[in-house]
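The block underneath contains the structure these notes are about, expressed in structure tokens.
The values are calculated or read from the model by the stated rules, or taken from the named source; none is laboratory data. A quick note: this is a predicted structure, and the numbers were derived from the prediction, not measured. Quick reminder, even Gly has a Cβ in these numbers, built from the backbone with ideal geometry, and neighbours come from all protein chains shown.
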């Protein structure tokens, strides 16, 4: 959504002044003029920041309430969950015993990546920006180590936590955290570039990492991806994650703000790292 507020070239068109802000939403159909959907069905789609939306139905998907509470269709069973599932399993190809580092580890995507990594038998290190978030990923989600990037020297902390090097890095933030990871790679490391949130609000881009030489030194692979490229397999990911939740192997945290009028302030807070888990705006009761 932050990228859509610019006119810069991207994988998605910009939102123009006066248009409804793009964003995923889940809701119940109150009126239907197509036989494809019936009144009362629950659907999810990119319906924007509004309390009511009109759709031609082409970009909607039915939500199965049996898989989980409705808000999960926007979080762990929605786009963030699918981003974590395919961005980690398909892009990074984890194997048991791999050392995995996840940045923004308490966020909507990072918390899922770390837990999938543990299920896959990996050793998992997460970075976050507060002690509360560090305690959560370690004590609640089962990460092996948490590093507070605001109070610790990340490069030194990673060297201590990952003495044999980092096999997999799931990058949500870019910037200095990613620079520190590149200094601690293992041979044949895999890096999945999901996001670069540390860079999105900068008027001018920071100087790029000067240590990409380590990709060559360690014969490492760094790959960007979009969740949409796995669209045909999203149901596979949803079903598997829902099963893990029901089996008690996976948890999730949501940060719910009530009222559409509070969406802009909540969004700005998220860009500053103030949210804790998947940020949601509640516009009505279920």
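Here are a few things to note about the model shown:
- Residue in segment 212-230 that is in contact (Cβ under 8 Å) with a residue 12 or more places away in the chain, on the phi > 0 side of the Ramachandran plot and in the same structural domain as residue 66 (by TED's automatic domain parsing) present: no
Per-residue answers, yes or no, for (1) under 20 Å from residue 126 (Cβ atoms); (2) out of contact with any helix residue (DSSP H, G or I) (no Cβ under 9 Å at 6 or more places or on another chain):
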position	(1), (2)
192	yes, no
205	no, yes
214	no, no
217	no, yes
222	yes, no
229	no, no
232	no, yes
240	no, no
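- Residues that are touching a helix residue (DSSP H, G or I) at 6+ places or on another chain (Cβ under 9 Å), surrounded by fewer than 24 Cβ atoms within 10 Å (Cβ to Cβ) and not assigned by TED's automatic domain parsing to the domain that holds residue 273 number at least 1 in the following helices (runs of 4 or more DSSP H) confined to segment 81-188: 110-119, 154-161, 175-182.
- Per the conditions (1) in the same structural domain as residue 61 (by TED's automatic domain parsing); (2) touching a strand residue (DSSP E or B) at 6+ places or on another chain (Cβ under 6 Å), the sole criterion not satisfied by residue 267 is (2).
- Filtered residues of segment 69-78 (kept if over 25 Å from residue 132 (Cβ atoms) and surrounded by fewer than 22 Cβ atoms within 10 Å (Cβ to Cβ)): 70
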